[in-house]
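One structure is given here, and the rest of the page talks about it.
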Amino acid sequence: MHSHVRNVLFIFVLLGLWITGAPAQESYELEHRFEEGKTYKYTATATSKITQEMAGQQMNMAMEAWFVPSISFEKKTEDGNIVLVYAADSGRAHIKAPNMDSTMNMDNLIGKRTRLTITPKGEVVSREVIDSVKVNRMMGNLGVREMVKLPRLAPGPVRMGETWNVSQADTNEFGGGKIVTTTNSVYTLGGEEKVMGHDCLKVTYTGTTTTAGKGSMMGMELFVEGSGKLTGTFYFDPERGLFVKNNARMENETTMAATGQQNMTIPMSTSTESSFTLRE
């Protein structure tokens, strides 16, 4: 046999032995888990910059919100779903606009509870308002929604570098109507990282959003449509099944059309940075 051919065959044999003897890459079966009788608290922040145009005039606004939401484990259902109770221990918001500069304590939200049923993968099965909230016109129905969005985890075992897709729709009440935001995201298991004493998996994600809906205000019918992009990173402790941290950024372009006493179109650009961090 020619020496060159023998050398090539020898290399292939060595590669075959190495591949056979190499350990398989670890896969992770990610699931949310909560300890009975324990309450999990987070620090939640959101900062938004908003530019809108009305009647030919541009207006810039800035909003900041700070909350300490809590999640309490209530029970596990017979079909394996997880029942959680959400509440807010504290909260305030700051709004700065050309005609106002105000900080508000969100007292109407404190202690108000919402029951949420999710799958171990984080998919929302149902929501139930336990304590009704007096809705603040400027802040919408924030009080009846969970203020910590648990991430949607991979539907099956996932290895480093692998991805999974998530599509979900979120409905919010608006002026007697509804606005539906549909989000399509791609999640990537990116590595391991020590975060706040937890051995975490790092998951990065990108996505797109579309918004459509209608409502009414001050005698006018309002129609809303828009689109956006989001990016972010969350950290998850696979050993404890615990969501530890999330950082996200979202850019939205929205158009609101008003008909009735006045007819106008209001374009709006919004840039939002948000974070959730476990408090221990």
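Where a number appears in this text, it was derived from the coordinates with a stated rule and is not lab data. Predicted model, so just to flag it, every value in this text is computed and none were measured. Heads up, the Cβs are rebuilt from the backbone with ideal geometry, glycines too, and the neighbour counts pull from every protein chain shown.
Pop out the ³J(HN,Hα) list for region 164-174 in order, Karplus 6.51 cos²θ - 1.76 cosθ + 1.60 with θ = phi - 60°, rounded to Hz; leave Gly and Pro as x.
9, 9, 9, 10, 8, 10, 10, 10, 10, 6, 8
What list of ³J(HN,Hα) couplings, whole Hz, do you get for region 117-123 from phi and the Karplus terms 6.51, -1.76, 1.60, once you set θ to phi - 60° and write x for glycine and proline?
Listing the rounded values in order: 10, 10, 7, x, 8, x, 7 Hz.
First measure r as the distance between the Cβ atoms of Thr45 and Met217, then evaluate 1/(1 + (r/R0)^6) with R0 = 30 Å and state the FRET efficiency to the nearest 0.05.
The pair Thr45/Met217 has a calculated efficiency of 0.60.
Largest first, please: the extent of the C-alpha atoms of the chain along each principal axis, to the nearest Å.
Projected onto its principal axes, the Cα set of the chain covers 92, 48, 33 Å.
In deg cm²/dmol and to the nearest 500, what is the mean residue ellipticity at 222 nm of the chain if only DSSP H runs of at least 4 residues count, each as -39500 (n - 2.57), divided by the residue total?
-2500 deg cm²/dmol
So which of Lys49/Lys112; Lys75/Lys202; Lys178/Lys229 end up more than 24 Å apart by C-alpha?
Lys49/Lys112; Lys75/Lys202, as the Cα separations exceed 24 Å there.
Amide H of Glu162: which non-local residues (sequence gap of 5 or more, or other chain) have their own amide H closer than 5 Å, using H built in the peptide plane?
Counting only residues 5 or more places away or on other chains, the set is Leu189.
Using the alpha-carbon atoms, what tilt in degrees (0 to 90, nearest 10) does helix 3-21 show relative to the longest principal axis of the chain?
So the helix axis and the longest Cα principal axis differ by about 50 degrees.
Charges at C-beta only: +1 for Lys and Arg, -1 for Asp and Glu. How large is the resulting dipole of the chain about its Cα centre, in Debye rounded to 20?
Computed charge dipole of the chain: roughly 140 debye.
Which order do peptides 98-111, 118-131 fall in by mean Cβ count within 10 Å, highest first?
118-131, 98-111
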